[in-house]
Amino acid sequence: MLLTPPQIYAHAEAAGFPPVVAETMAAIALRESDGETTAFNGNEETGDRSYGLWQINLRDAAVQTTVFRVVPEAAKDEKVLLDPAANARAAFALWNHDNRNLEIAWYIEKAAYKEAYEVKLKLVHQALLDFGPALPLDATLADQYQWHQALDLQVQALRNRMGELHAEIIRREQRAWVQGPSELVQSISPGVVRFG
């Protein structure tokens, strides 16, 4: 299943990542798997047996130990890590509250990976700005209804504000045309035009 940046962010946050790191982790997931929860890389030549959103590589014994501690069912069936919640818990354990581990586990500073990571980070950041906070993963139907109502209110408030700004611009333009050229320059000078 392909997840959007806000959905990936929600999984990261649900696993325990603080918001800023959850944003970073969403970008890493997009770089690693393009947001595909069932992504698997079994390329032995590159030393991979990597699963899910964050491409948790179980070929590494230290990674296995850490992951199996927090997702014990993966010791019996590694495909459990294709579940985004389990994959997020594994990624959280690998991060271990230390941002230096982002470089160790996901090479965010390594030249070949850094540019792709930075592009994905901008994409995630914009998606979160565009869509607002994600709906909690365990939301009930009542929660979903309330969330959508709150989102509708935010959209309506933005539309109202845009209407007010548009009306203010029209008023200023009309006043500027009536006042003449010298007053027009003053009315559009930086720092003179104020909204709300």
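Every number in this text was worked out from the coordinates using simple rules, so none of it is lab data. Every value quoted in this text rests on a predicted model; they were computed, and no experiment measured them. Every residue, glycine among them, receives a Cβ derived from its backbone with ideal geometry; neighbour counts consider all protein chains shown.
In nm, to one decimal, how far is the Ala61 label point from the Ile170 one, both placed 7 Å along Cα→Cβ?
So the two model labels end up 7.4 nm from each other.
Can you work out D for region 5-131 in µm² s⁻¹ from Stokes-Einstein, where Rh is the Kirkwood radius over C-alpha pairs, the temperature is 10 °C and the viscosity is 1.306 mPa s? Can you show the working numbers first?
On the way: Rh = 14.3 Å.
Translational diffusion coefficient: 111 µm²/s.
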